[in-house]
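Input: a single structure, listed below in structure tokens.
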Amino acid sequence: MTGKQSIGSLTIPWSPTVGPENEESCYPYRRQVPGTTTIPPGWTFAKGRRPVEEPSIHEERVSVPLRDGVKIQCDVFRPETDKKLPALLAVSPYGKNGHGFRIFDNIPFRLGLPESSTSGLEKFEGQD
């Protein structure tokens, strides 16, 4: 529905945008819900992407308390093992776990990174 809105004496043309849930959107939004998924070796995010090499666990929307009491929502990818391992932390404004803006796909030549070199779970400016 196209229309006009007014702010004071200004008349502003208005038209609806594509909603984030629209599957025809460049990167449709997927509401995240807490949950745990096992990712088997060989799994791929999409055709042509690098497959996962080891069995992994993906924990979505894990609440992590910070020292000041603030809780942040994180996605945790970890090997399917009971061994203690160091953690790698990726923080950015670009979303998490592959459900956001796919920056590499919008840059000419994917910054020289072929799709087969990334899993599709990476985040821009972070590890894969």
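For the range 48-88, what are the residues that are within 21 Å of the chain's Cα centre (by Cα) and small (Gly, Ala, Ser)?
48, 56, 63, 87, listed by residue number.
At pLDDT below 80 and closer than 22 Å to residue 42 by Cβ, is that true of residue 115?
On the way: at pLDDT below 80: no; closer than 22 Å to residue 42 by Cβ: yes.
The answer is no for residue 115.
Would you point out the residue of the range 14-47, among those that are part of a loop (DSSP other than H, G, I, E, B), under 17 Å from the mean Cα position of the chain (by Cα) and hydroxyl-bearing (Ser, Thr, Tyr), that is modelled with the lowest pLDDT?
Filtering first and then ranking leaves 27.
Here are the criteria: (1) at pLDDT below 90; (2) surrounded by 10 or more Cβ atoms within 10 Å (Cβ to Cβ); (3) among the charged types (D, E, K, R); (4) part of a loop (DSSP other than H, G, I, E, B). Tell me which single one residue 50 does not satisfy.
Only one criterion in (1) at pLDDT below 90; (2) surrounded by 10 or more Cβ atoms within 10 Å (Cβ to Cβ); (3) among the charged types (D, E, K, R); (4) part of a loop (DSSP other than H, G, I, E, B) is unmet by residue 50, namely (1).
Is it fair to say residue 95 is assigned to a loop (DSSP other than H, G, I, E, B) and modelled with pLDDT of 90 or more? Step through it out loud before you land on a result.
Details: assigned to a loop (DSSP other than H, G, I, E, B): yes; modelled with pLDDT of 90 or more: no.
No: the conditions fail for residue 95.
So which residues in the range 38-47 are in contact with a strand residue (DSSP E or B) (Cβ under 8 Å, 6 or more places away or on another chain) and surrounded by 11 or more Cβ atoms within 10 Å (Cβ to Cβ)? Full working, then the answer.
Within the range 38-47, the first condition is being in contact with a strand residue (DSSP E or B) (Cβ under 8 Å, 6 or more places away or on another chain), and the residues that meet it are 38-39.
39, the sole residue that qualifies.
The values are calculated or read from the model by the stated rules, or taken from the named source; none is laboratory data. Keep in mind it's a predicted model, so treat the numbers as computed, not measured. Cβ atoms come from the backbone with ideal geometry, glycine included; neighbour counts cover every protein chain shown.
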